[in-house]
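Okay, so here's the structure we're looking at.
Just so it is clear, none of the values below were taken in a lab; they were calculated from the coordinates. Please read all numbers here as calculations on a predicted model, not as lab measurements. Glycine also receives a Cβ, built like all others from the backbone with ideal geometry; neighbour counts cover every protein chain displayed.
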Amino acid sequence: MTRLILLTILLIVVARLFWRLVDAVMAGARGDAAPGGPRRAPVKLVRDPVCGTYVPPRAALSLTSGGSTHYFCSEECRKKFDSRQSAVGSRQ
């Protein structure tokens, strides 16, 4: 009798965990907040003009040129862009 009660409790716990997992997956698929957690705002990404990598503006290196700001994934890409802009500026 004790085994039957313990088995029933175990099945109930496993079923609840399974449905919580299914609910969380469905909420994620819909874009809703995960159960028990706040919804995060999507992060807007900017494109590196040299290599095309998308990076978040907070983590990106930036360079203001010609009144507009350009964002880069690395110092190498920023230097390449700056050297290209310098070459174009010296031709004009």
Q) Relative to the longest principal Cα axis of the chain, at what angle does helix 2-30 sit, 0 to 90 degrees, rounded to 10? A) 30 degrees
Q: Multiply the residue gap between Ser74 and Cys51 by 0.36 nm, knock off their C-alpha separation, and tell me the result in nm, one decimal place.
A: 7.3 nm
Q) When the chain is modelled as a GNM with alpha-carbon springs shorter than 10 Å, which of Gly52, Gly28, Gly67 fluctuates the most? A) Gly67
Q. By what distance, in whole Å, do the Cα atoms of the chain stretch along each of the three principal axes, largest value first?
A. 91, 21, 16
Q: Note the angle between two axes, namely the Cα long axis of helix 75-91 and the longest principal axis of the Cα atoms of the chain, as a number of degrees from 0 to 90, rounded to the nearest 10.
A: 30 degrees
Q: Evaluate the relative contact order of the chain (contact order divided by residue number), counting alpha-carbon pairs under 8 angstrom at least 6 apart; express in whole percent.
A: 15 percent
Q. Based on DSSP H runs of at least 4 residues, each adding -39500 (n - 2.57), what is the mean residue ellipticity at 222 nm of the chain after dividing by all its residues, to the nearest 500 deg cm²/dmol?
A. -17500 deg cm²/dmol
(Q) Pairwise over distinct Cα atoms, reciprocal of the mean inverse distance: report the Kirkwood radius of segment 46-91 in Å, one decimal place. (A) 10.7 Å
Q. For the residues Ser68, Ser83, what sequence is obtained by ranking on other C-beta atoms within 10 Å, fewest first?
A. Ser68, Ser83
Q. For the residue pair Ala59 and Met26, what label-to-label distance in nm results when each label sits 7 Å from Cα along the Cα-to-beta-carbon direction?
A. 3.3 nm
